[in-house]
Amino acid sequence: MRRSNIVLVGFMGAGKSVCGRLLARRLGRCFIETDDLIVSGEGRSIPEIFRDAGEARFRELEAETIESLKLKSGEVIATGGGMPCREGRMELLRELGTVVWLDGDVRELHARASRIGNRPMLEGRSMAEVEELYRSRQPYYRRAHITVDTTGIGADQVVARILAALRKSHAVRA
Ligand code: S3P
C-alpha cells in the first residue's frame, strides 16, 4: 500500500534537502529529513554520532528511523545518502510512497557536497573512492519509482522535473 509520501533518495550533494523543501512548499505538504530526526533523537550532530558511536551505530539509527516513518503520510521526506543502501531498505522506503532518486554526475555531486561540508562519509576519501562508493550504491538507488537527472541544473528546475514525473506517474494531481 502506498502511503502517498514522496521520498527523496540519492547520493550526498544531490540536493535532496533543498529540492525537498521547495517541493513540499509547491505541494503544500510537510517536509522532514531523516538526518534531522536522528540528530534531534540523539541530541548530537551527524559528525558527532559518527565520531563517538561509529558508522554502524548511525546505520542502526537509520533503520529505527525508517520504522518511525511508517506513521507518516502525505509528506515529503528527504533521506540521508546512505539510508537506502542496505538490503531490504529500498523495499521499506517504497512502502512509504513514491520514491524519487535524484541522480547526477558524481563529480558534480561530490563538489556540491564538499562545499557544504559536514559529511563524515567523504572525509579522507579520494575522488576515486567516492566514485566507487557511488557505484556501489547505484543498484539500491535504481530501485526508486522515479529517477530525475540533476546534472547541470538548479534546484527550481529539478523540482519542476520531479513534479512533471510525479504527475505522469499519477503520484500527485496535475
Ligand atoms: C551519508 C549522507 C548524509 C548523512 C550521513 C551519511 C551517506 O546525508 O546521512 O553523513 O552515507 O551518504 P546527505 O545525503 O544529506 O549528505
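The numbers here are math on the coordinates, done by the rules we state, and not lab data. The model shown is predicted, which means the values in this text are computed figures rather than measured ones. Cβ: placed from backbone, ideal geometry, glycine included. Neighbour counts: every protein chain shown.
Note down the nm distance, to one decimal, between modelled labels 7 Å out along Cα→Cβ at D36 and at I116.
A separation of 1.2 nm, rounded to one decimal place.
Report the local net charge at E64: Lys and Arg +1, Asp and Glu -1, summed over other residues whose C-beta lies under 11 Å from its C-beta.
-2
Just grab the label-to-label distance for E87 and D149, each label 7 Å out from Cα along the Cβ direction, in nm (one decimal).
Calculated label separation equals 3.3 nm.
Remind me, relative contact order of segment 1-102 in percent, using alpha carbon pairs under 8 angstrom and six or more residues apart?
Numbers: 147 pairs, mean separation 57.3, N = 102.
Computed value for segment 1-102: 56 percent relative contact order.
What number does the chain give for Rg over Rh if you use C-alpha atoms and the Kirkwood radius?
Using Cα coordinates only, the ratio equals 0.94.
Less than 11 Å Cβ to Cβ from R125, Lys/Arg counted +1 and Asp/Glu -1: what total charge do the surrounding residues give?
Summing Lys/Arg as +1 and Asp/Glu as -1 gives -3.
Would you order F58, F11 from fewest to most other beta-carbon atoms within 10 Å of each residue's own beta-carbon?
F58, F11
Please name which of M90, A155, G43 has its Cα lying farthest along the dipole of the chain towards the positive end, using unit charges on Cβ (Lys, Arg +1; Asp, Glu -1) and the Cα centre as origin.
A155
Filter the chain for me: DSSP H helices, axial length by Cα at least 18 angstrom, mean Kyte-Doolittle hydropathy not below -0.5. List them by residue number.
Qualifying helices, which must be both long enough and hydrophobic enough, are 155-168.
For segment 1-93, I need the span (max minus min coordinate) of the C-alpha atoms along each principal axis, in Å, sorted largest to smallest.
Projected onto the principal axes, the Cα atoms of segment 1-93 cover 38, 26, 22 Å.
Would you mind counting up the charge near R173? Only other residues with Cβ under 14 Å from its Cβ, with Lys and Arg at +1 and Asp and Glu at -1.
Every neighbour counted, the sum reads +4.
Treat each spin label as a single point 7 Å out from the Cα along the C-beta direction, and report the R44 to R94 distance in nm.
3.6
If each DSSP helix of 4+ residues adds -39,500 (n - 2.57) and the sum is divided by the residues in the chain, what number results at 222 nm, nearest 500 deg cm²/dmol?
When only DSSP H runs of four or more count, the value is -16000 deg cm²/dmol.
Tell me, what is the percent relative contact order of the chain, built from C-alpha pairs under 8 Å that lie six or more residues apart? Walk me through the intermediate numbers first.
Details: 254 pairs, mean separation 60.5, N = 174.
Answer for the chain is 35 percent.
Using just the C-alpha positions of segment 72-174 as equal point scatterers, what log10 of I(q)/I(0) does the Debye formula give at each q in 0.23, 0.24, 0.25 1/Å?
The Debye formula, applied to the Cα set alone, gives -1.41, -1.47, -1.51.
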